[in-house]
Amino acid sequence: MPEIDFAFLADSAETQPGHKFHVLGGGITRIGGRTFPLRHPHIALVVGLLVTAPETDREHELRIVLLDPDGHEVTGATGNLVARGHPDGRDAILTFSIDLWNLTFPAPGDYSFRILVNGSERKRLPLVLVRPDDPSRGSGSRGSA
């Protein structure tokens, strides 16, 4: 089964299959907002999917789910992808980004993105939503209003 080699949230990202990727503001783990529900205009999810040689040239289902602090689904998306193999039979890393526009976070708290491959959770990314006056807000925060 394909594994997640890396995954992170960023302000923006540009990826092209088989090439380097470009990221602005990578490593987002916290977002601040004065009022909730908070509508965040844009965030990018960057993923490097490690596909072994026997798994290349086959379709794999990818599902992304955003969970709220209570574990309920806020939003989600499912798609299929195919990693093309190398001529030398080596494993491949399929790098891609998903633009997430106008996400609405109902309340402050601990959210998480779940990344599932072929129905199995392979990665979970935490995302904390805080108010600016929240004392738990630490480094790595981004402001938003």
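When residues in the range 105-136 are screened for being surrounded by fewer than 19 Cβ atoms within 10 Å (Cβ to Cβ) and not in a strand (DSSP E or B), 10 of them pass. The set of residues in the range 67-96 that are exposed (fewer than 15 other Cβ atoms within 10 Å of the Cβ) and either of a type in the set (Lys, Arg) or in contact with a His (Cβ under 9 Å, 6 or more places away or on another chain) (or both) comprises Asn80, Val82, Arg84, Arg90.
Looking only at residues in the range 1-53 that are of a type in the set (Phe, Trp, Tyr) and closer than 14 Å to Leu94 by Cβ, which one is modelled with the lowest pLDDT? Only one residue fits best here, namely Phe21. Here is the figure for the range 22-66: residues that are assigned to a loop (DSSP other than H, G, I, E, B) and surrounded by fewer than 16 Cβ atoms within 10 Å (Cβ to Cβ) total 9. A search for C-beta distances below 9 Å between a residue of the range 1-21 that is assigned to a loop (DSSP other than H, G, I, E, B) and any residue that is open to solvent by 80 Å² or more (accessible area, probe 1.4 Å), counting only pairs 6+ apart in sequence or on different chains, returns Thr15/His22; Pro17/Arg84; Gly18/Arg84; Phe21/Glu14.
The values are calculated or read from the model by the stated rules, or taken from the named source; none is laboratory data. Nothing here was measured: the structure is a model prediction, and the numbers come from that model. Don't worry about glycine lacking a Cβ; one is built from the backbone with ideal geometry, like all the others, and counts go over all protein chains shown. Accessible surface areas use protein heavy atoms only, side chains included; no ligands, DNA or RNA. Shrake-Rupley method; radii C 1.70, N 1.55, O 1.52, S 1.80 Å.
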